Amino acid sequence: MSDDGQVTHKGAISQHVQSLSASGIRRFFDLLSNMEGIISLGVGEPDFVTPTNIRNAAVRSIEEGRTHYTSNYGLIELRQAISHHLERLYGVEYDPATEIIVTTGVSEALNLAMLAIIDRGDEVICSDPCYVAYQPAVLLAGGVFVPVPTSAAHDFRMLAQDVEERITSRTKAILLGYPSNPTGAVMERDDLLAVAELARRHDLFVIADEIYDRLVYGTEHICFSALAGMRDRTLLMGGFSKAYAMTGWRLAYACARVDLTEAMMRVHQYITMSAPTAAQYAALEALRNGEEDVRGMLAEYDRRRRMMVRELNAMGLTCFEPRGAFYCFPSVRVTGLSDEAFAEGLLMEEKVAVVPGSAFGQFGVGHVRICYAMPYEVLEQALERIRGFVDRHRTSAK
Ligand SMILES: Cc1ncc(COP(=O)(O)O)c(C=O)c1O
């Protein structure tokens, strides 16, 4: 800043940070921070507290004085457990010594992946709507984010033909975020095989954010790197936040062939050093003894999911059946309101917070994201309020 108050180049915020738009979700949650009696179905995190044995494992590690850095890659026992877990579930093999990095959330893993493979101007193709952090991760690495429209007509799956139309000589990677936040969509095996075929033909990397892999309902999660020929093209990421109710622990992992893991490590060692040690012990316990809890939470999410889909459709907020994660993504068309006006009105009039679909990309317009990771009775109350709001606005829209 110069003496006369003008912002000069030297005093300015960097261009790449300026290019990031403020998160639509954050703006919205600023609104409700000082309101009372809100039912928030806005935040994408489990209502469950981390299971007791997992919490105890972290406490024990602290009491035993394991309070130091770990290897940059993460505790070897944890990497071995992750490797075993992926092999057991999906039959895909990663060497715990060289092909797995324990990270501070998938959030870090995503940024490592981008920084490892993107040069200025490289393009990354991704579904729209998608998780809010994808585009910033691409932009901060100097890349270009190329959105592929998805819609309720195809249950928000990303269609290979739509991807192919957007492939150019600068395309470096396809970013796959399924099961999807915000839509709850999953990609079936044939959808993924078609993407794999494109990746092979055009020599592309695939960044697979599979953080919701365990949260699928009546369908099987297909791990992208387990598809024939895909392991060595894939930067696979998975985490503990969602399935084990561990959002606050900040723990996840990235897996890839050795040179890609080494490239991610070159960034990770300088920006994070190692993921939090107590959280790593907690994650180890989660993998060793967490299966029963995962199944219990999954069954409860499924019960809530079925009620939400039924009730939202019954009140006219049409909603395809989400088969993964813990979100519904209904259309608000019946009210005649935009998604932003719907979310703002619902918050002001009925004190229920949901997120406008446009916060997740231009093709999220006309929808809202409703997170059902809340107790069943709270969801029932929220639905009652939403029904009241829709009924009022449906009338006035006519
Ligand atoms: C699709 C997706 N990827 C990544 C993340 C971030 O996960 P983590 O808590 O592991 O950083 C989220 C969190 O909402 C998400 O929905």
* **Extended-chain gain in nm, criterion 0.36 nm per residue less alpha-carbon gap, SER33 and ARG303** => 94.2 nm
* Structure fact -> Counting Lys and Arg as +1 and Asp and Glu as -1 over every other residue whose Cβ sits under 9 Å from the Cβ of LEU204, the net charge comes to +3
* Asked: When the accessible area of the chain is computed with all protein chains present and a 1.4 Å probe, what percentage of it is carbon and sulfur?
  -> 49 percent
* Mean separation of Cα contacts under 8 Å (6+ apart) over length of the chain, as relative contact order % -> 23 percent
* **Label point distance in nm, ASP162-ARG55, each placed 7 Å from Cα along Cα→Cβ** => 4.2 nm
* Asked: What is the log10 of I(q)/I(0) for the chain, computed with the Debye formula using one identical point scatterer on each Cα and no solvent, at q = 0.14 Å⁻¹?
  -> -1.28
* Area accessible to solvent at ILE370, 1.4 Å probe radius, in Å² -> 0 Å²
* Asked: Ordered by residue, what ³J(HN,Hα) values in Hz, to whole numbers, does the stretch 166-175 give under the Karplus form 6.51 cos²θ - 1.76 cosθ + 1.60, where θ = phi - 60° and Gly and Pro are x?
  -> 9, 7, 10, 5, 9, 5, 10, 8, 10, 9
* Treating the angle as unsigned and between 0 and 90°, give the value, to the nearest 10°, between the Cα long axis of helix 105-117 and the longest Cα principal axis of the chain. => 60 degrees
* To do: Convert each backbone phi in the stretch 214-228 into a coupling constant with the Karplus relation 6.51 cos²θ - 1.76 cosθ + 1.60 (shift: θ = phi - 60°), then list the ³J(HN,Hα) values in order as whole Hz, x for Gly and Pro.
  => 7, 9, 10, 10, x, 8, 9, 6, 9, 7, 4, 6, 7, 6, 3
* Structure fact -> ARG394 and GLU262 label points (each 7 Å along its Cα→Cβ direction) are spaced in nm at 6.2 nm
* Divide by every residue of the chain the summed helix terms, -39500 (n - 2.57) for each DSSP H run of at least 4, and state the resulting mean residue ellipticity at 222 nm, rounded to the nearest 500 deg cm²/dmol. => -13000 deg cm²/dmol
* Any idea what the alpha-carbon Rg over 2.2 N^0.38 Å comes to for the stretch 52-289? -> 0.98
* Put a dot 7 Å past each Cα toward the Cβ at HIS68 and GLU321; how far apart are the dots in nm? -> 5.4 nm
* To do: Would you please put 136-149, 245-258 in order of how densely packed they are, using the mean number of other Cβ atoms within 10 angstrom per residue and starting with the highest?
  => 245-258, 136-149
* Straight distance only, please: which aspartates and glutamates reach the Cα of LYS172 with their own Cα at less than 14 Å, same-chain residues fewer than 8 apart left out? => ASP119, ASP122, GLU123, GLU164, ASP203
* Structure fact -> Given backbone amide H placed at 1.01 Å from N, residues whose amide H is under 5 Å from that of THR171, ignoring those fewer than 5 places away on the same chain, are GLU123
* To do: Apply the Karplus parameterisation 6.51 cos²θ - 1.76 cosθ + 1.60, with θ equal to phi minus 60°, to every residue of the stretch 263-270 and state each ³J(HN,Hα) to the nearest whole Hz, in sequence, with x for glycine and proline.
  => 5, 5, 5, 4, 7, 4, 5, 8
* Solvent exposure, largest accessible area first (probe 1.4 Å, DNA, RNA and ligands not counted), of ILE167, ILE13 -> ILE13, ILE167
* Asked: Taking the chain as a Gaussian network, Cα atoms linked when under 10 Å apart, which of THR150, THR70, THR234 shows the biggest mean-square fluctuation?
  -> THR70
* Accessible area per residue of the stretch 52-289 at 1.4 Å probe, in Å²? -> 38 Å²
* Structure fact -> Any trypsin sites (Lys or Arg not before Pro) in the stretch 109-186 that lie in a DSSP loop and have at most 10 other Cβ atoms within 10 Å would be ARG120
* To do: Work out the length of the dipole vector of the chain about its Cα centre, built from +1 on the beta-carbon of each Lys and Arg and -1 on the beta-carbon of each Asp and Glu, and round it to the nearest 20 debye.
  => 300 debye
* Search the structure for amide H atoms under 5 Å from the amide H of ARG157, placed 1.01 Å from N in the peptide plane, and list their residues when 5 or more places away or on another chain. => SER151
* To do: Report the far tail of the P(r) of the stretch 255-315, meaning the percent of Cα-Cα pairs longer than 12 Å.
  => 78 percent
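The values are calculated or read from the model by the stated rules, or taken from the named source; none is laboratory data. These numbers come from a predicted model, not from an experiment. In this analysis, Cβ positions are derived from the backbone assuming ideal geometry, glycine residues included, and neighbour counts consider all displayed protein chains. SASA here: full protein model, heavy atoms, side chains in, ligands and nucleic acids out. Shrake-Rupley method; radii C 1.70, N 1.55, O 1.52, S 1.80 Å.
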